[in-house]
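The values are calculated or read from the model by the stated rules, or taken from the named source; none is laboratory data. Not measured: the values here are computed from a predicted model. Cβ atoms come from the backbone with ideal geometry, glycine included; neighbour counts cover every protein chain shown.
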Amino acid sequence: MEIIKVKDYQEMSERACEFIVEQLAATDQPVFGLATGSTPEGLYECLINKYKTKEVSFADVKTFNLDEYVGISQDDPNSYYYYMNKKLFDHIDIPTANAHLPNGNAADLESECKEYENRIKQVGNVDLQVLGLGLNGHIGFNEPGTPFSSRTHVVELDESTRKANARFFPSLDDVPTKAITMGIDSIMESKAIILLVSGKKKADALAKLMNGAITEEFPASILQKHENVTIIADEEAMSSL
Ligand code: GLP
């Protein structure tokens, strides 16, 4: 794992943006794996600006999001579908059909998971995966205890994750209890990964990821085994290292 130390959230976002821009230049039809949450918002703003100034185009890009809640509608502002459209896709030239998210409202969720895997396989896997880090070490929505061998699946969300995400919902009761997430093995198949970490509250998780044991009890620890991971972390996030 390579670690890039940056000053703050803004610099982390700009550095991550450079990674995407470089990948766009290096690959004819790049496939990006995208994350939600607060962490990548600055990255998406930066990408929109690069598009507006005509530095980049997303016309030949395909994207696959890591995860989606089960049971909230696509036009619910808390769905990741809504988040991605508002924070990125509505502002760039990516063809709608190229931007993929798991469908958390599918009648048959198991088939949806399989179908999502197939769609990723069909394009030859993700070239560059963007990841955030959950406080309990989750990546995507792979909570502690998820087998490293997991593929895209339906998860029961941890109480701690629901609490961490409750800030976006009217109340904790409104936070879904389930989600679809790409599995750990699916994520590990990405050719390259950038993990973005910002803020003091992530410091202990980052220290555990970098120095702790590789264990299913801390899902992000598996990244130690990936051949091409770059962690972009700010000073606060690195304060426990
Ligand atoms: C969320 C998402 C993850 C995200 C993580 C961190 O629950 N499912 O994809 O990376 O938790 O979120 P944040 O960036 O808001 O701290």
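With of a type in the set (Gly, Ala, Ser), surrounded by 14 or more Cβ atoms within 10 Å (Cβ to Cβ) and closer than 22 Å to Tyr69 by Cβ as the only criterion, which of Gly199, Gly212, Gly145, Gly134 stands out? Criteria check complete, one pass: Gly134.
Here's the yes/no breakdown for (1) modelled with pLDDT under 95; (2) closer than 22 Å to Arg15 by Cα; (3) among the β-branched types (Val, Ile, Thr):
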{"residue": "His153", "(1), (2), (3)": "no, no, no"}
{"residue": "Ser160", "(1), (2), (3)": "yes, no, no"}
{"residue": "Ile180", "(1), (2), (3)": "no, no, yes"}
{"residue": "Ile194", "(1), (2), (3)": "no, yes, yes"}
{"residue": "Glu217", "(1), (2), (3)": "no, no, no"}
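Selection of first residues in segment 40-54 that are among the charged types (D, E, K, R) and of second residues that are assigned to a loop (DSSP other than H, G, I, E, B), restricted to Cβ pairs under 7 Å at least 6 apart or on distinct chains, gives the following pairs, ordered by first then second residue: Lys50/Val56.
Determine, yes or no, whether Thr181 is within 21 Å of Asn118 (Cα to Cα), crowded, with 16+ Cβ neighbours inside 10 Å, within 13 Å of the ligand (Cβ to nearest atom) and under 14 Å from the mean Cα position of the chain (by Cα). For Thr181, the condition - within 21 Å of Asn118 (Cα to Cα), crowded, with 16+ Cβ neighbours inside 10 Å, within 13 Å of the ligand (Cβ to nearest atom) and under 14 Å from the mean Cα position of the chain (by Cα) - is met. There is no residue in segment 165-178 that is near the ligand (Cβ under 10 Å from one of its atoms), in contact with a Pro (Cβ under 8 Å, 6 or more places away or on another chain) and among the charged types (D, E, K, R).
When segment 198-207 is filtered for residues that are at negative phi and within 9 Å of the ligand (Cβ to nearest atom), the ones remaining, listed by number, are Ser198, Lys201, Lys202. On inspection, Arg167 passes the criterion of being of a type outside the set (S, T, N, Q) and at pLDDT below 95. Of the residues Asn125, Asn85, Asn136, the single one that is closer than 18 Å to Thr36 by Cβ and either part of a loop (DSSP other than H, G, I, E, B) or modelled with pLDDT under 95 (or both) is Asn136.
Scanning segment 137-164 for residues that are within 14 Å of the ligand (Cβ to nearest atom) and of a type in the set (Phe, Trp, Tyr) returns a single hit, Phe141. Screening segment 149-234 for strands (runs of 3 or more DSSP E) wholly inside it with 1 or more residues that are more than 24 Å from Ile20 (Cα to Cα) and free of Cβ contacts under 8 Å to residues at least 60 places away in the same chain returns the ranges 153-156.
Restricting attention to segment 26-74, the residues that are within 11 Å of the ligand (Cβ to nearest atom) and in contact with a Lys or Arg (Cβ under 7 Å, 6 or more places away or on another chain) add up to 1.
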